[in-house]
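Report on one structure; see the data block that follows.
The values are calculated or read from the model by the stated rules, or taken from the named source; none is laboratory data. No experiment lies behind these values; they were computed from the predicted model shown. All Cβ positions, even for glycine, are placed from backbone atoms using ideal geometry, and neighbour counts span all protein chains on display. Note: accessible area is taken over every heavy atom of the protein model, side chains too, but ligands, DNA and RNA are not part of it. Shrake-Rupley method; radii C 1.70, N 1.55, O 1.52, S 1.80 Å.
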Amino acid sequence: NAGVTQTPKFQVLKTGQSMTLQCAQDMNHNSMYWYRQDPGMGLRLIYYSASEGTTDKGEVPNGYNVSRLNKREFSLRLESAAPSQTSVYFCASSEALLGDRKYFGAGTRLSVL
Amino acid sequence: GQQVMQIPQYQHVQEGEDFTTYCNSSTTLSNIQWYKQRPGGHPVFLIQLVKSGEVKKQKRLTFQFGEAKKNSSLHITATQTTDVGTYFCAGLGAGGTSYGKLTFGQGTILTVHP
């Protein structure tokens, strides 16, 4: 039982490059999330998907797009990376949207030069 | 919008000392969750508090939810080196524009000197 799996674990990009962060969960959860973590800022929600087929913006969606490919997978795309997007990205899932405990992946450490 | 503030930002203790982190919300919460993140790791769920005035214990950890459901605390008795990490609270908004929004505090970084 892997839980929430994120790939890649590390990535270095040049400004303007694009990339997709992958996330998959094997717990049959309905809701999935993408967070970014910056020093002193806690975890900020980028996008979330309440259920398969739906996605919504979180606190800091600018510069990102998401796709809920199926119930298991939720990807985050940076179309044109900027240095301000240097961060640690966490994918998470929960059974339901409101108030449920979240299970986090191991994170992707992204540097944009 | 909803804001969740945690204090202190950093805490350094000697092994065996107690530790407390406080979480304060600008709005009333439906529930509050606590997570622990080890250095280099990912957040791991510790507990959820739902009722006003609720107190829950997990071994040396004591969690409280305020009577007004706007604040919470985590107290660790007799810290150990295994307690090192960042402790986050996350509050779920109860009403108005905050309804259903889970907002994380900035976290308290705990270091323990052996």
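Computed quantities for the displayed model
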read-out	value
Shielded by partner chains, the range A:82-107 residues - at least 50 Å² of accessible area, 1.4 Å probe, vs chain alone	A:98, A:99, A:101, A:102, A:104
³J(HN,Hα) computed for each position of the range B:9-15 - Karplus, 6.51 cos²θ - 1.76 cosθ + 1.60, integer Hz, glycine/proline x	6, 10, 8, 10, 10, 7, 3
Heavy-atom accessible area per residue - chain B, 1.4 Å, Å²	47
Formal net charge of residues neighbouring residue A:85 (Cβ-Cβ distance under 11 Å; K, R +1; D, E -1)	-1
Within the range A:10-113, trypsin sites (Lys or Arg not before Pro) in DSSP loop having at most 10 other beta-carbon neighbours inside 10 Å	A:14
Sites residue B:50 and residue A:7, calculated FRET efficiency, Cβ-Cβ separation with R0 41 Å, nearest 0.05	0.70
Given B:59/B:101; B:70/B:101; A:71/A:102; B:69/B:101; A:57/B:36, the pairs whose alpha carbons are separated by over 22 Å	B:59/B:101; A:57/B:36
Two-decimal Rg/Rh across chain B, once Rg and the Kirkwood Rh are taken from alpha-carbon atoms	0.98
Low-density loop cleavage sites - chymotrypsin sites (Phe, Trp or Tyr not before Pro) in the range A:1-67, where at most 15 other Cβ are within 10 Å (DSSP)	none
Local electrostatic count, residue A:24, Cβ distance below 11 Å [Lys/Arg +1, Asp/Glu -1]	0
1.4 Å probe accessible area per residue over the range A:45-113, in Å²	44
Percent accessible area from carbon and sulfur atoms, the protein assembly as shown, protein chains only, probe 1.4 Å	51
